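Peer 1: First the structure, then my questions, so here it is.
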Amino acid sequence: MRFVWGTTGRRRTAALLGVLAAGAVLPACSDSGDPTSAPPPRSTGGPAESETPVPATHPFTGGTKGLTNPVLAVKIENTRPAFPQSGVSAADIVYVEQVEGGETRLMAVYSSRLPKRVGPVRSARISDLHILPQFGRPAFAFSGVQSKMKKYVRKSPAYEVSQEKAGGAYYRFGGKPAPYNLYADPKALLKRAPKATPPQDVGFRFGDAPAGGKPVRSFTARWPSAKMGFTWSAKHKRWLASWGASPSRAAEGGRLGGQTVVVQYAKTTRSKFHDFLGSYTPLIDTTGTGRALVLRDGKAYKAKWSRTSEDKGTTFTTETGEPMNFAPGQVWMVLVNDGKPYIP
């Protein structure tokens, strides 16, 4: 698979300030020697960040708020000990990614608004570094990283605001045991990344639903050790999320869920990183082309996705090639293996 963080004349600067400090990291990982697990060297050159035009509507939500706000991505735990999570309901985009052992973890992307608290904040994974370049130079918050992955974080376009680099923005909160009690203040995180870029086009299109679609009440996404369900609520005009058989609730109150849920089928393979138990970290290939299922307005639409390079967004079309418009509001990007659930 190919990983490119820039193309001539349209690249963004990816010179990351500082170096990851030693601190709370995951157990030492092993290198399998698989070169496809590693991002390429950072790109240079490209237009000044100030030249980025202000969009008419927010490219993440289709709304009109926060059009010039910086972008912040945060890794959040998505297993039972972490529930209820904080700040997820305020995200513009919520990615669901498979991690070791067949479990999942979230990456919440913020711009149009910020919550007061976000967490529990957990460690980064290699797939994050292949998703983030389409956002330009966002701030990226996480609580640690496997030691052999540090050099790839340094090469990424993101501004690192990890617990090691921005410790004052993090704090322990609530009665959960460590590591499920680490939270962060999003405003404090962004203060440590003053040059984080504003939102840019990531391929999403918002508007009226296309013709067709199959009325559905619910959909369940499955991984080897986890499953998430999304049930349409006509009352709330959004898809309400569940984890296993339990409703996914926000710490602030109410149910988690979005106006649009995109089930993106992407090839998932073994990366060169693994945890101390020997479980390899999955590597999700989010460039190229593939199939998707888009849930909006109580209907499911078969769709196709395309992403030509990592510094470009992901476009979605109907099976007939028309733009696959999303419903304005929060978007959940649910990444599942294209085929049987991948077991590392």
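Peer 1: For segment 112-165, give me each residue that is among the basic types (Lys, Arg), in contact with a Lys or Arg (Cβ under 6 Å, 6 or more places away or on another chain) and under 21 Å from residue 182 (Cα atoms).
Peer 2: 122
Peer 1: Consider residue 150 against the criteria (1) among the charged types (D, E, K, R); (2) assigned to a loop (DSSP other than H, G, I, E, B); (3) touching a Leu at 6+ places or on another chain (Cβ under 7 Å): it satisfies all of them except one. Which criterion is unmet?
Peer 2: Here residue 150 meets the rest and fails (2).
Peer 1: Now for a separate question. Would you check which residues across segment 81-99 are over 23 Å from residue 117 (Cα atoms) and assigned to a loop (DSSP other than H, G, I, E, B) and list them?
Peer 2: Of the residues in segment 81-99, the ones over 23 Å from residue 117 (Cα atoms) are 98-99.
Scanning segment 81-99 gives a single hit, 99.
Peer 1: Then there is this: What number of residues within segment 100-130 are under 19 Å from residue 250 (Cα atoms), among the charged types (D, E, K, R) and crowded, with 23+ Cβ neighbours inside 10 Å?
Peer 2: Looking only at that region, the number is 2.
Peer 1: Looking at segment 56-80, which of its residues are in contact with a strand residue (DSSP E or B) (Cβ under 7 Å, 6 or more places away or on another chain), aliphatic (A, V, I, L, M) and in a loop (DSSP other than H, G, I, E, B)?
Peer 2: 71
Peer 1: Looking at 195, 187, which is the one that is basic (Lys, Arg), at pLDDT 95 or above, assigned to a loop (DSSP other than H, G, I, E, B) and surrounded by fewer than 17 Cβ atoms within 10 Å (Cβ to Cβ)?
Peer 2: Values: 187 fails: assigned to a loop (DSSP other than H, G, I, E, B).
Being basic (Lys, Arg), at pLDDT 95 or above, assigned to a loop (DSSP other than H, G, I, E, B) and surrounded by fewer than 17 Cβ atoms within 10 Å (Cβ to Cβ) holds for just one of 195, 187, which is 195.
Peer 1: Just to verify a result, which residue in segment 171-208, among those that are under 20 Å from the mean Cα position of the chain (by Cα) and among the hydroxyl-bearing types (Ser, Thr, Tyr), is farthest from residue 57 (Cα to Cα)?
Peer 2: 180
Peer 1: What are the residues in segment 237-259 that are assigned to a strand (DSSP E or B) and touching a Gly at 6+ places or on another chain (Cβ under 7 Å), if any? Break it down into steps so the answer makes sense when it comes.
Peer 2: We begin by selecting, within segment 237-259, every residue assigned to a strand (DSSP E or B); these are 238-243, 246-247, 249-250, 255, 257-258.
The answer is 238, 239, 240, 241, 242, 258.
The values are calculated or read from the model by the stated rules, or taken from the named source; none is laboratory data. Quantities reported herein were computed from a predicted structural model and do not represent experimental measurements. Positions of Cβ are generated from backbone atoms using ideal geometry, with glycine treated the same way; all protein chains shown enter the neighbour counts.
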